[in-house]
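The values are calculated or read from the model by the stated rules, or taken from the named source; none is laboratory data. Worth saying up front: this structure is predicted, and the values here are computed from it rather than measured. Positions of Cβ are generated from backbone atoms using ideal geometry, with glycine treated the same way; all protein chains shown enter the neighbour counts. We work out accessible area using only protein heavy atoms, side chains counted, and drop any ligands, DNA or RNA first. Shrake-Rupley method; radii C 1.70, N 1.55, O 1.52, S 1.80 Å.
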Amino acid sequence: MCIRDRFDTWRRIKDPAGTEGWVHSTMLSGRRTAVVTGGNRPLMRTPDEKADLVATLEPGVIVSVERCPQGQSLCQVEANGIDGWLKRDALWGVYPGEIID
């Protein structure tokens, strides 16, 4: 889910399929997540596109986003207990250029 707007205690959210709606903020967690898009995506051990492969993530997998450093094309994520780095453009729910610490 992606928060698109806020009004008082309400949040307008959008899912990967494009469906939008309003939900109360108490129904949302503070945990940042994203959805893997496209084809199978390599999860790398370090923030280097030539790093060792940790796993391959299929489209639709939900990951916890740990951080997306400034100027970095990869974000550190966790999927089912496996930590690694995934290309930012393979994630729905992370904006281009967004910094997550």
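Across the accessible surface of the chain, with the other protein chains kept in place and a 1.4 Å probe, carbon and sulfur atoms take up 49 percent. Within the listed set K50, K14, K87, the Gaussian network model of the chain (springs between alpha-carbon atoms below 10 Å) gives the highest mean-square fluctuation for K50.
Averaged over its residues, the chain has an accessible area of 63 Å² per residue, based on protein heavy atoms and a 1.4 Å probe. Pull the list of the chain cysteines that no other Cys approaches to under 4.7 Å, Cβ to Cβ. C2, each lacking another Cys Cβ under 4.7 Å.
Using a Gaussian network model of the chain with C-alpha springs under 10 Å, which one of L91, L28, L57 is most mobile by mean-square fluctuation? Highest fluctuation among the options: L28. Taking 0.36 nm per residue of sequence separation and removing the Cα-Cα distance, the I82/S25 pair yields an extension gain of 17.7 nm. Which residue, T19, T46, T56, has the most motion in a Gaussian network model of the chain that connects Cα atoms within less than 10 Å? For the chain, modelled as a Gaussian network with Cα springs under 10 Å, the answer is T19. Taking amide H as placed 1.01 Å from N in the peptide plane, the amide H of R32 sits under 5 Å from that of V65, each at least 5 places away or on another chain.
Roughly how large, in nm² to one decimal, is the mean projection of the convex hull of the alpha-carbon atoms in the range 35-75? If you can, show how the numbers build up before the last one.
Details: hull surface 12.0 nm².
Mean orientational projected area (the range 35-75, Cα hull): 3.0 nm².
Farthest toward the positive end of the dipole of the chain, out of I82, T26, M44, is the Cα of T26, where the dipole comes from beta carbon charges about the Cα centre. Size estimate for the chain follows the Kirkwood approach: the inverse of mean 1/r over distinct Cα pairs works out to 14.2 Å.
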